[in-house]
Amino acid sequence: MTKIVEGINALDMNNRDTMGDVYEYVLGKMAASGNNGQFRTPRHIIRMMVELMRPTLKDTICDPAMGSAGFIVESAKYIQQHYKNELLKKENADHYKSGLLHGFDTDATMLRIGAMNLMLHGVDNPDIAYRDSLSTDNTDENRYSLCLANPPFTGSLDNEAVSKSLLAITKTKKTELLFLALFVRMLQTGGRCASIVPDGVLFGNSTGHKSIRKELIDNHRLEAVISMPSGVFKPYAGVSTAILIFTKTNAGGTDKVWFYDMKADGFSLDDKRNAIADNDIPDVVARFHNLAGEAERTRKEQSFLVPVEEIREKGYDLSINKYKEVEREVVTYDAPEVIMERIECLEQEIQNAMIALKKMI
């Protein structure tokens, strides 16, 4: 206890970076599974998504299911790091403190945690509000230039409680589909979105599943589907997930969709989640920002491009296994007679060993 008190006492708590780091560490150690289907997104996955989207000071960023505000805090840190000199200008600093970041949630406790998290990272007046993003209370439309989120899965809402403008995009009760429709509505034309979705969104056969995939592919520009290993959210959940990245265009534009089969995230995929050497995240980010270099990659590799015509032919299925080419090796087995002879030889060796052992007793 003395060591802990002395350690905390030695921290410079007037330094916002230190306070922010301490606060994020505490959040990381909290049991973060909520009552509404939400659970904490690992910090390195949030960081990867922010690096994929590269937010700028010109953006207006929103997470309509913010939880502890991980996505918007990481966006703030990215901008602090990459736009340090630009933040010295008053108009940029004002936008950073009060106009850049927006977040909503229906959990008052999470709102308080998120607001504190943002304030400790220098965002003095964040637009944080108690709001059911899927209801008619949320009227945001064509407002944001970037959405980053991990919306709640497995939830189901009554149609009466859902905004009619969302049901017009996809008629469903499933929250993961309704949030994708919400991103489409909330984004400005040209706005971008990176969202975590359960694997079922990629290949579900219901009318709601098919209609939202068709909406993203035909009416906007779907850019990437990054399949993540099922252990990413352990120990809280073992659900298989993916990241969808798209740009709102209202005029189509999907040409080729980039698929990536992410196998490792730098941590073991069991409940312990110990750090390991295998990590695809740097490769994911580097390849996404150089899609021109992916054109020659084959379907046998970890990432590749798929023409939109092929996706339409396969019923708008976005499961990577639909397009990945598995290389099968021919295995040649010995003839049964050879195997039997080998077994007989082993049996004779065992008998001889037992006879020798008996003589020693």
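The values are calculated or read from the model by the stated rules, or taken from the named source; none is laboratory data. Just so we're clear, the structure is a prediction, and the values are computed from it rather than from any experiment. Counting neighbours? That spans all protein chains shown, and the Cβs are built from the backbone with ideal geometry, glycine included.
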* Conditions (1) in contact with a Leu (Cβ under 8 Å, 6 or more places away or on another chain); (2) surrounded by fewer than 18 Cβ atoms within 10 Å (Cβ to Cβ): number failed by A277 -> (1)
* Considering each residue of region 53-70, count those that are under 17 Å from R43 (Cβ atoms) and at pLDDT 95 or above, and give that number. => 3
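Taking the criterion of being among the acidic types (D, E), closer than 27 Å to V239 by Cβ and either in a helix (DSSP H, G or I) or more than 25 Å from the chain's Cα centre (by Cα) (or both), would at least one residue in region 280-291 satisfy it?
Looking through region 280-291, at least one residue is among the acidic types (D, E), closer than 27 Å to V239 by Cβ and either in a helix (DSSP H, G or I) or more than 25 Å from the chain's Cα centre (by Cα) (or both).
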* Asked: Yes or no: T298 surrounded by fewer than 12 Cβ atoms within 10 Å (Cβ to Cβ), hydroxyl-bearing (S, T, Y) and assigned to a loop (DSSP other than H, G, I, E, B)?
  -> yes
* To do: Report yes if V285 is modelled with pLDDT under 90, out of contact with any Pro (no Cβ under 8 Å at 6 or more places or on another chain) and not charged (D, E, K, R), otherwise no.
  => no
* To do: Consider G190 carefully, then state whether it is surrounded by fewer than 21 Cβ atoms within 10 Å (Cβ to Cβ) and part of a strand (DSSP E or B).
  => yes
* Residue check: is D283 acidic (D, E) and farther than 25 Å from I311 by Cα? -> no
* Asked: Only one residue in G231, G238 is crowded, with 17+ Cβ neighbours inside 10 Å, within 15 Å of the chain's Cα centre (by Cα), more than 26 Å from A168 (Cβ to Cβ) and of a type outside the set (A, V, I, L, M), so which one is that?
  -> G231
* To do: State which residue pairs qualify: first residue within 13 Å of L101 (Cβ to Cβ) and inside region 131-147, second residue surrounded by fewer than 16 Cβ atoms within 10 Å (Cβ to Cβ) and modelled with pLDDT under 95 in any location, beta carbons under 8 Å apart, and separation of 6 or more residues or different chains.
  => S145/K58
